[in-house]
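A short write-up of the structure that comes next.
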Amino acid sequence: SAAMRLAALLAALRPVLPLVLGLSLGCSLSLLRASWSQSGGEDRCLGAAGRPGPLAGGARPEAADGRPGPGHEDFRPRIVPYYRDPNKPYKKVLRTRYIQTELGFHERLFVAVLTSKATLNTLAVAVNKTVAHHFTRLLYFTGLRSAKVPHGMVLVAHGDERPIWLMYETMHYIHQHFGSDYDWFYIMQDDTYAQAEQVKALVTHLSINQDVYLGRAEEFIGGDEQARYCHGGFGYLISRSLLLKLHPHLDSCRNEILSVRPDEWLGRCIIDFLGITCVSQLQGQHYHTYELAKNTEPEKEEEEEFQAALAVHPVSDMTLMYRLHKHFSRIQLDRAYQEIQDLQMQIRNLTSLTPAGEAGLTWPVGINAPFLPKSRFEVISWDYFTEQHLFSCPDGSPKCELSGAGKADVSEIIESALEQLNSRYQPLLRFSKRQLLNGYRRFDPTRGMEYTLDLLLEAVTQKGHSHILAKRVSLVRPLSKVEIIPMPYVTEATRVQLVLPLTVQDLDFVANFLDMFAMNTLDTHDNALLTLLFIYHPYDAQRVSQVDVFAGVKAMVGELEKRYAEVKIPWISVKTEVPSQVKLMDIVSKKHPVDTLFFLASVWTEINMEFLNRCRMNTISNWQVFFPVHFQEFNPALVYRGEQTASSSTDFLRDGHFDRYSFAEACFYNSDYMMARTKLAADILDRDEVLESMEVFDVFLHYSGLHLFRAVEPGLVQKYTLRSCNPRLSEELYHRCVLSNLEGLASRSHLAMALFEQEQANST
């Protein structure tokens, strides 16, 4: 019986036996480790005099309190206590705006093009049109004085056409202005065709830690056989480290080295003072060049040396430059298509080895799979279209005419579909379009624009027999490489000059505008000023000495100036029957400096600091103007129908819409406006009546090359008000004002409910 009880006890303890053994083993190892640690402080680890002896393996001793010894400073984290000398004045630490600047990052490549008086308007322009858009920074250097700069080019004129002097001044200028900003400097002549993308790829494979002088190596005439200089006609690459070392010796080179050729002079300078010679191969990268013969036909050149060339020289005229660019672009395009086909083949071969198998292969191969919605709210809808109309319009109407980019998009998709069909079935069949039966498209943010076309086609066989058939095709316009557009640096410290035009119809709203201006700018000491523009009707202007319709506004301005002694709010009086926005802005522009940042406001605008900062950041002199789309609240009588207006923060920007018909608010610099206005004046001559049909937005749109940034602005919220539309303005402006009033009444659901309640009331 004792044996049976022991067997039963073991059977009961068997499930917990591994746990007991694990705990016992862990406790034993912990005790053993503790005994080893204690024995580490015995005398056998000390020297004869009690000093610590050397440890095995070159390890460095630690202090008695466990802190790292002398050799561990770089490997153990330390907390450095902050200490400020109370006897020294406190100095605020200024941080850079971008982390790239603080960490000392440099841009990759700077390109300098040497040109001359004879070729500035020919070859230099051809270089600018073929390769300039591939480089982030490209400057042209010439010895001309007061040279007329072709459009779209940045020219540096040194004032001396001697070749050696031009090279000296160019190197000095590059070091002074760009030496600390770029890692590589590529110098070429305007009779050189360079494959921009190949040059950019070359510098990404080179280490910036070496002094690099890379190009087509040429021997000096009568010089050392080992020394080489880089031929300027084929361009050459200089590293930043080499430029920094070379700069102190440029003056000595100018005085001591005699040469006819500027590239040979520069090469001799680098060799004599730095001991560096030009190379055509470095770090496994080759600088391939090709020398063009006279009367060369680029389209017929099939040599491998020509196909692989980074730079081609000499280019005799503009036409040859464009032909070279077309030829090399075709080569790059063919290579890209071949790489795409190779990658697609590899994807097909590897898909069978994946867990999903061939079922996991997406179409097109290599493009992201379509977006899979997790609920009905995430379903991306398809837009229906024909060759003439779109049945999903931006303004919400059920049908609108295809025009502009939309029509060009549909035409291009149909042509691409026919091209793909013919390439697949020719020479057996040749397709031609009869009609687009149905068209569907949608934008998938994970892959691009998708199209489904039902085409009525005529298929013709090799024997000439034709047949009409319907074919459904699917196409995808994939999203291309995302590109970050460089923008000039702006700050939030710029002073904003508010301009407020006022008519007699606006008098009831001026008090609220001035209160918001005082609360959000004057009380917060924001860097903003206000100018009022009083627009008198000719009848009111005649009676201004007896009855001034703007007397109340002027009194409110006086009260503000008394309350804020340092603030002055000027006003300008204008007499006109047609308050054209352009004519009014002409008057204001003449009374302010050219660097003034204007914010053209309306009397319903509620000024706040958040928007003023966005106005400063989104407006860039000689680059971009900002036209915000304000949020217009709906008519509370229709939205709430007698109920209490919701005022919680969760209802912000709910009962209203962004008024895209209004262009009353605008942010722009006076210099940009004056430049666009000058072009407008040259176009319309003395026909001032044209200005009545234009707004400031139209001036910038048609007569400036600036970016027009038009975006919704949640910081501009306007209460509902029925605007008065001046019938004396142009038909387009009047129609736009009426549409703004109509769409600002209420949403469709609110209008439908109001009509429903009215019909119910009438029926009873």
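The values are calculated or read from the model by the stated rules, or taken from the named source; none is laboratory data. Not measured: the values here are computed from a predicted model. We place every Cβ from the backbone using ideal geometry, glycine too, and count neighbours over all the protein chains shown. To get the accessible areas, we keep the full protein, side chains included, count just its heavy atoms, and leave off ligands, DNA and RNA. Shrake-Rupley method; radii C 1.70, N 1.55, O 1.52, S 1.80 Å.
Check the range 220-239 and report whether any residue there is open to solvent by 40 Å² or more (accessible area, probe 1.4 Å), of a type in the set (F, W, Y), touching a helix residue (DSSP H, G or I) at 6+ places or on another chain (Cβ under 7 Å) and more than 17 Å from T170 (Cβ to Cβ). Explain how you work it out, then say what you get.
Of the residues in the range 220-239, the ones open to solvent by 40 Å² or more (accessible area, probe 1.4 Å) are 221-222, 224-226, 228.
Of the ones still in play, those that are also of a type in the set (F, W, Y) are none.
No, the conditions are met nowhere in the range 220-239.
Looking at (1) of a type outside the set (A, V, I, L, M); (2) without any contact (Cβ under 8 Å) to a residue 12 or more places away in the chain; (3) surrounded by 20 or more Cβ atoms within 10 Å (Cβ to Cβ), which one does Y193 not meet, given that it meets all the others?
Answer for Y193: the failing condition is (2).
Select from the range 248-264 the residues that are open to solvent by less than 50 Å² (accessible area, probe 1.4 Å) and touching a residue at least 60 places away in the same chain (Cβ under 8 Å) and write down the one among them that is nearest to F306 (Cα to Cα).
Checking each candidate, the answer is D263.
Across the range 328-368, what is the total count of residues that are more than 28 Å from Y193 (Cβ to Cβ) and hydrophobic (A, V, I, L, M, F, W, C)?
So the answer is 11.
Do you know which of the residues in the range 131-161 that are among the small types (G, A, S) and under 21 Å from the mean Cα position of the chain (by Cα) is most open to solvent (accessible area, probe 1.4 Å)?
That would be G152.
Quick one: which of Y140, Y173 is modelled with pLDDT of 90 or more and in a strand (DSSP E or B)?
Unique residue meeting the criteria: Y140.
Taking the stated definitions as given, is V567 within 30 Å of E732 (Cα to Cα), surrounded by 12 or more Cβ atoms within 10 Å (Cβ to Cβ) and modelled with pLDDT under 90?
On the way: within 30 Å of E732 (Cα to Cα): no; surrounded by 12 or more Cβ atoms within 10 Å (Cβ to Cβ): yes; modelled with pLDDT under 90: yes.
So V567 does not fit the description; no.
Check F273, F306 and return the single one that is more than 23 Å from Y168 (Cβ to Cβ) and touching a residue at least 12 places away in the same chain (Cβ under 8 Å).
It is F306.
Name the residue, out of D506, D515, that is under 20 Å from V567 (Cα atoms) and among the acidic types (D, E).
Sole residue among the options that is under 20 Å from V567 (Cα atoms) and among the acidic types (D, E): D515.
Would you check if R614 is open to solvent by 60 Å² or more (accessible area, probe 1.4 Å), in contact with a strand residue (DSSP E or B) (Cβ under 7 Å, 6 or more places away or on another chain) and either assigned by the TED database to the domain that holds H707 or not basic (K, R) (or both)?
Numbers: open to solvent by 60 Å² or more (accessible area, probe 1.4 Å): yes; in contact with a strand residue (DSSP E or B) (Cβ under 7 Å, 6 or more places away or on another chain): yes; either assigned by the TED database to the domain that holds H707 or not basic (K, R) (or both): yes.
Yes, satisfied.
Would you call V738 open to solvent by 40 Å² or more (accessible area, probe 1.4 Å), farther than 30 Å from K591 by Cα, out of contact with any strand residue (DSSP E or B) (no Cβ under 8 Å at 6 or more places or on another chain) and assigned by the TED database to the domain that holds P579?
Yes: the conditions hold for V738.
Is there a residue being farther than 18 Å from V510 by Cα and among the aliphatic types (A, V, I, L, M) anywhere in the range 533-544?
Scanning the range 533-544 turns up at least one residue that is farther than 18 Å from V510 by Cα and among the aliphatic types (A, V, I, L, M).
Among the numbered conditions (1) open to solvent by less than 50 Å² (accessible area, probe 1.4 Å); (2) over 19 Å from E387 (Cα atoms), tell me where T461 comes up short.
(1)
Would you confirm whether or not the range 439-447 contains a residue that is at positive phi, open to solvent by less than 60 Å² (accessible area, probe 1.4 Å) and in the same structural domain as V473 (by the TED database)?
At the first step, the residues of the range 439-447 found to be at positive phi are none.
No, that holds for no residue.
Go through the range 311-330 and give me each residue that's exposed (fewer than 14 other Cβ atoms within 10 Å of the Cβ), in a helix (DSSP H, G or I) and of a type outside the set (S, T, N, Q).
K326, R330
Search the range 368-417 for residues being within 23 Å of R660 (Cβ to Cβ) and of a type in the set (D, E, K, R), and hand back the single one that is most open to solvent (accessible area, probe 1.4 Å).
Filtering first and then ranking leaves E401.
Quick check on the range 106-123. Is at least one of its residues more than 30 Å from M321 (Cβ to Cβ), assigned to a loop (DSSP other than H, G, I, E, B) and modelled with pLDDT of 70 or more?
Within the range 106-123 (the criterion being more than 30 Å from M321 (Cβ to Cβ), assigned to a loop (DSSP other than H, G, I, E, B) and modelled with pLDDT of 70 or more), the answer is yes, since at least one residue qualifies.
Name every residue in the range 263-310 that is in contact with a strand residue (DSSP E or B) (Cβ under 9 Å, 6 or more places away or on another chain), part of a helix (DSSP H, G or I) and assigned by the TED database to the domain that holds C253, in order of residue number.
D263, E264, W265, L266, G267, R268, I270, I271, L274
Return the total of residues in the range 124-137 being without any contact (Cβ under 8 Å) to a residue 40 or more places away in the chain and either assigned to a loop (DSSP other than H, G, I, E, B) or aliphatic (A, V, I, L, M) (or both).
Count: 1.
Quick one: L701 ticks every box in (1) free of Cβ contacts under 8 Å to residues at least 24 places away in the same chain; (2) open to solvent by 80 Å² or more (accessible area, probe 1.4 Å); (3) not in a helix (DSSP H, G or I) bar one, so which box is it?
Against the list (1) free of Cβ contacts under 8 Å to residues at least 24 places away in the same chain; (2) open to solvent by 80 Å² or more (accessible area, probe 1.4 Å); (3) not in a helix (DSSP H, G or I), L701 comes up short only on (3).
I want to confirm something. Restricting to the range 207-217 and keeping residues that are assigned to a loop (DSSP other than H, G, I, E, B) and either farther than 16 Å from E107 by Cβ or at pLDDT 90 or above (or both), which single residue is least open to solvent (accessible area, probe 1.4 Å)?
First, pick out the residues of the range 207-217 that are assigned to a loop (DSSP other than H, G, I, E, B): 207-212, 216.
Okay, now just the ones that are also either farther than 16 Å from E107 by Cβ or at pLDDT 90 or above (or both), so 207, 209-212, 216.
Working: S207: 44, N209: 134, Q210: 84, D211: 49, V212: 1, R216: 56 Å².
Result: V212.
Of all residues in the range 234-256, count the ones that are part of a helix (DSSP H, G or I) and within 34 Å of the chain's Cα centre (by Cα).
6
Can you pull out every residue in the range 154-169 that is within 13 Å of A112 (Cβ to Cβ) and assigned to a strand (DSSP E or B)?
Correct list: L155, V156.
Quick one: which residue in S352, S423 is more than 22 Å from K481 (Cα to Cα), loosely packed, with under 13 Cβ neighbours inside 10 Å, touching an Asp or Glu at 6+ places or on another chain (Cβ under 6 Å) and free of Cβ contacts under 8 Å to residues at least 40 places away in the same chain? Before the answer, list the steps.
Details: S423 fails: touching an Asp or Glu at 6+ places or on another chain (Cβ under 6 Å).
The unique qualifying residue is S352.
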